[in-house]
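A short write-up of the structure that comes next.
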Amino acid sequence: MIINCIIVDDDPIVLSLLQDFALQTPFLNLVAACSKAADALKLLEKENIQLMFLDIHMPDINGMTLAKTLHAHYLQKAPRVVFISGSKEFALESYKVDALDYLLKPVSYEDFFKAAYKAKLYFEGIENPVKNEIQLPLRDFVVLKVDHELIRVQLNNILYIEGDKDYVKVYINENNFIKALTTMKDIEKRLPKTSFMRVHRSFIISLDKIVAIQNYTVRIGKISIQVKEQYKSDFKGVLEQWLK
């Protein structure tokens, strides 16, 4: 199927890049590329737009505000949203508008294509509910190389991940971990950004396993992990959610 989409981003370089990505993707029909949220709103009133690649930080109307407005007033008829952002600050909030994905800048074509393909599966499921019932669900696990085996670990079982040179320790409870041959950078890419966050050079945490936050230290079970300076701006979004 062909999906009608628009791109909304006030950065002309990013806008041009995403436009090129959309034109390369055979199942996307790029209707328009807008630099202002207000222009996108006018377009949505005239065109049947199914998907928006939407920047969050824009000067006229914040992308999150635009998405919430559409979600509240148009409900099922609102276009599905893939957020584009320079930080993870709004990753948790994106759940409130049922965003399809949350991409961090700089966006690669691989990440863009994965988000677009997720949209394709979604819309095909609406058109063909029977087919949708037999499709495999989106991955709720990560595959780890342990010794000479590949082991599947459910994401909701992970408490936190600790780096250990060329390995990572994936803790599934406070005393037991799986030591896998991979790097922190690689496993961070493979984890959903809405559920996991890197807070330290050596630690990635599961956001829904946090039981307490004190200043910029999080407690998961009995372990306390400090959020280092370079990750504090991203972590502010988590703090905001806790205070609501």
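Data overview
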read-out: Qualifying position, being at pLDDT below 85, more than 20 Å from the chain's Cα centre (by Cα), among the basic types (Lys, Arg) and not assigned by TED's automatic domain parsing to the domain that holds residue 232, among 96, 77; value: 77
read-out: Counted residues, segment 157-166 - those being surrounded by fewer than 16 Cβ atoms within 10 Å (Cβ to Cβ) and either modelled with pLDDT of 90 or more or not assigned by TED's automatic domain parsing to the domain that holds residue 193 (or both); value: 2
read-out: Selected residue (criterion: modelled with the lowest pLDDT) from residues of segment 170-179 that are touching a strand residue (DSSP E or B) at 6+ places or on another chain (Cβ under 8 Å) and more than 27 Å from residue 101 (Cα to Cα); value: 174
read-out: Those residues of segment 108-122 which are farther than 15 Å from residue 192 by Cα and surrounded by 19 or more Cβ atoms within 10 Å (Cβ to Cβ), in sequence order; value: 116, 119
read-out: Segment 162-173 residues that are assigned to a loop (DSSP other than H, G, I, E, B), paired with ones that are among the charged types (D, E, K, R) and surrounded by 15 or more Cβ atoms within 10 Å (Cβ to Cβ) (beta carbon under 6 Å, 6 or more apart); value: none
read-out: Where a residue in segment 54-67 is under 13 Å from residue 39 (Cβ atoms) and its partner, wherever it lies, is surrounded by fewer than 21 Cβ atoms within 10 Å (Cβ to Cβ), with Cβ under 6 Å and at least six apart; value: 58/10; 60/36; 60/38
read-out: Single residue of segment 183-205 satisfying the filter (modelled with pLDDT of 90 or more and among the β-branched types (Val, Ile, Thr)) that is surrounded by the fewest Cβ atoms within 10 Å (Cβ to Cβ); value: 183
read-out: Yes/no for residue 32 being of a type outside the set (Ser, Thr, Tyr) and surrounded by 21 or more Cβ atoms within 10 Å (Cβ to Cβ); value: no
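The values are calculated or read from the model by the stated rules, or taken from the named source; none is laboratory data. None of the values given here were measured: they were computed from a predicted structure. Positions of Cβ are backbone-derived with ideal geometry, glycine not excepted, and every protein chain shown enters the neighbour counts.
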